[in-house]
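Everything below concerns the one structure shown next.
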Amino acid sequence: MQRRIIQTIFLLLVGSRMMAQDSSLMKMMDDAVAESQQGQLVTGTFKATQIVNLPTVESPGKKSLQFMIMHRFGKLNGGAYEFFGLDNASIRFALDYGITDRFSVGLGRSSGDKTFDGSLKYKLLQQKEVGMPISVSLYGLITNYTQRYSDKPYLDARYRTSYTTQVLIAKKFSPAFSFEVVPSWIHNNLVPTPEDKSDLFAVSAGGRLKFTKRMSVNAEYNYLLRNQVVSTKVYDAISGGIDIETGGHVFQLVFTNAAGMVGPYYLAKTDGSWGKGDIYFGFNITRNFNFKK
């Protein structure tokens, strides 16, 4: 009898000890999972560095070079004589290189106004599974057009230069849906008339919705604050398209009312209207080259 009492007490002590250890182990596992989730970065908010024209929070990784071709045909309302815009085209070539995983530099050249551009992009914040709800990148662009105008001999390099600064704020809500908001500031060193503002402000929004593993629908809207450009009629740039991922390439088929493909042009110089059929069909092609071992 005494032996059974001692055995029962021993088993109770051992059982309580094991339960305490088990509880401690479960707490450690829960803490480890929470800690790993908190540090886990959300990647692939967008698959390309542009939604259509609007830059995204994405940039080339460290020691990665991105080559991009942006191509726009003429206006669809050109009719059969212009082969619905296919007889005309404008193009931009761009190279972007990742100095680090957060910082990249870029160079580009557009046929419109024979414009050269240089850019810097820095990833300030990156969305995490737990903790940080959004990604934020800072984007700076300088453009200089070299088109010759015989009636404007005073146009030196300073007057031909514009600056664009953008804060790219994005969130990946699910594996299928991402959304971005972008406030922009454009400064032009020369404007057509004294009534036109040198400093322009715009707000853009865009997103993508995946409908297969490798395809998505993209759209963007660029709203230029009113009464800033008064000498010419300008419209808000509205664009949409389809992304197709093919290995190391991202191929985008796009429709837009903006002929320009860099900041000062699509944000503040869009003279085409969707309602009048001033729609440009085109495409973007992105190819990445990785130099990291």
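Structure data summary
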read-out	value
Residue count, region 156-178 (criterion: in contact with a Phe, Trp or Tyr (Cβ under 6 Å, 6 or more places away or on another chain) and within 12 Å of ASP113 (Cβ to Cβ))	1
Verdict on THR161 being hydroxyl-bearing (Ser, Thr, Tyr), in contact (Cβ under 8 Å) with a residue 24 or more places away in the chain and open to solvent by 40 Å² or more (accessible area, probe 1.4 Å)	no
Which listed residue, of PHE173, PHE83, is without any contact (Cβ under 8 Å) to a residue 24 or more places away in the chain and under 17 Å from ILE51 (Cα atoms)	PHE173
Residues (surrounded by fewer than 18 Cβ atoms within 10 Å (Cβ to Cβ) and touching a residue at least 24 places away in the same chain (Cβ under 8 Å)) located in region 114-125	LYS114, PHE116, GLY118
Single residue of region 84-111 satisfying the filter (among the aliphatic types (A, V, I, L, M) and under 22 Å from TYR265 (Cα atoms)) that is surrounded by the most Cβ atoms within 10 Å (Cβ to Cβ)	ALA94
Of all residues making up region 191-223, the number that are free of Cβ contacts under 8 Å to residues at least 60 places away in the same chain and closer than 25 Å to THR45 by Cα	12
Residue list for region 226-243, restricted to those being open to solvent by less than 70 Å² (accessible area, probe 1.4 Å), farther than 13 Å from PHE255 by Cβ and free of Cβ contacts under 8 Å to residues at least 60 places away in the same chain	GLN228, VAL229, SER231, VAL234, TYR235, ASP236
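The values are calculated or read from the model by the stated rules, or taken from the named source; none is laboratory data. Here the structure is a predicted model, which means the values were calculated and not measured. In this analysis, Cβ positions are derived from the backbone assuming ideal geometry, glycine residues included, and neighbour counts consider all displayed protein chains. These accessible areas exclude ligands, DNA and RNA; they are computed on the full protein's heavy atoms, side chains included. Shrake-Rupley method; radii C 1.70, N 1.55, O 1.52, S 1.80 Å.
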